[in-house]
Amino acid sequence: MIEIRNVVKTYGRGSAAVHALNGVDLDVSPGEVLMLMGPSGSGKTTLLSIMGCILQATSGSVRIAGQEIVGLAEKKLPKVRLDHFGFIFQGFNLFPALTARENVELTLKLKGISGSAGRKRAEHLLEQVGLADKFKSYPADLSGGQKQRIAIARALAGDPPIILADEPTAALDSHSGLTVMEILTSLARERDRAVVVVTHDSRVLHYADRIVHIADGRIAGSEEDAKEEAA
Ligand SMILES: Nc1ncnc2c1ncn2[C@@H]1O[C@H](COP(=O)(O)OP(=O)(O)OP(=O)(O)O)[C@@H](O)[C@H]1O
């Protein structure tokens, strides 16, 4: 589903150049929960952003569902993003002036689903993440875990095959963090989504099918079936 080969990412140039990724190879398959771990500055967010077509690699190959995206014209990237990815961030990135339902409806609109169809679908998505009684709540009136569940509902608006999450549980208490991971894991298990999570959060590692360690912009090792090994 995602095939990454020898990806290099350099920010800046000359003496100011930062070599964030130095030849990364990685495959992500449908139905798996992959966690990316590594020290601060090791390149995790850069890799996630390149996977999600938010950033372009400097060189190498990134194939999403068979389509090469390295070298693709900048203006073609939004469609690849919209067709393949849902994004979840540590800081939720919700619109504070919109209700839970309106936050989800906005993303549905980008997919061409609006009006009563959009409202129904937004409500259905919020029900799926356990927020049936919060359609009309504003983010400020909800807990961190509830806000992150709105963000998940929004990420699922376009029914994407791949979910990319950057530190989704870092701002949450243990219970909310585990609820968020339960939802993400069930998307992989029951709906065959690929879920890639950047995390420092040792509380959630047992949800991973595979843990990939990054150091200095390189894959430093990987643990297959982390969940089974931990059991
Ligand atoms: N826009 C940018 N311009 C220049 N350098 C950058 C930029 N973004 C990231 N970097 C550098 O690239 C390297 C990798 O950064 P990245 O954010 O991918 O690491 P990370 O592993 O996600 O770190 P953290 O865990 O702290 O979020 C770091 O040295 C960082 O300073």
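The criterion of being open to solvent by less than 10 Å² (accessible area, probe 1.4 Å) and in a strand (DSSP E or B) holds for residue 164. Residues that are within 12 Å of the ligand (Cβ to nearest atom) and either hydroxyl-bearing (Ser, Thr, Tyr) or touching a helix residue (DSSP H, G or I) at 6+ places or on another chain (Cβ under 9 Å) (or both), at least 1 per element: which helices (runs of 4 or more DSSP H) completely within segment 1-120 meet that? Because the criterion is at least 1 residues that are within 12 Å of the ligand (Cβ to nearest atom) and either hydroxyl-bearing (Ser, Thr, Tyr) or touching a helix residue (DSSP H, G or I) at 6+ places or on another chain (Cβ under 9 Å) (or both), the helices (runs of 4 or more DSSP H) in segment 1-120 that meet it are 44-51. Checking 177, 86 one by one, the residue that is within 19 Å of residue 197 (Cα to Cα), in contact with an Asp or Glu (Cβ under 8 Å, 6 or more places away or on another chain) and surrounded by 16 or more Cβ atoms within 10 Å (Cβ to Cβ) is 177 and no other.
For segment 183-200, the candidate set comprises residues that are in a helix (DSSP H, G or I) and within 8 Å of residue 32 (Cα to Cα); within that set, the residue that is most open to solvent (accessible area, probe 1.4 Å) is 189. In segment 121-131, the qualifying residues are those that are in contact (Cβ under 8 Å) with a residue 24 or more places away in the chain and in a helix (DSSP H, G or I), and the one that is most open to solvent (accessible area, probe 1.4 Å) is 128.
Can you confirm whether residue 203 is in a helix (DSSP H, G or I), more than 23 Å from residue 102 (Cα to Cα), among the charged types (D, E, K, R) and open to solvent by 30 Å² or more (accessible area, probe 1.4 Å)? Spelling it out, residue 203 is indeed in a helix (DSSP H, G or I), more than 23 Å from residue 102 (Cα to Cα), among the charged types (D, E, K, R) and open to solvent by 30 Å² or more (accessible area, probe 1.4 Å).
As a summary of the residue check, residue 219 satisfies the conditions (1) within 16 Å of the ligand (Cβ to nearest atom); (2) within 18 Å of residue 89 (Cα to Cα) except for the one numbered (2).
The values are calculated or read from the model by the stated rules, or taken from the named source; none is laboratory data. Note that the structure is predicted; figures quoted are calculated from it, not measured. Positions of Cβ are backbone-derived with ideal geometry, glycine not excepted, and every protein chain shown enters the neighbour counts. Quick note on the areas: whole protein, heavy atoms, side chains included, nothing else; ligands and nucleic acids left out. Shrake-Rupley method; radii C 1.70, N 1.55, O 1.52, S 1.80 Å.
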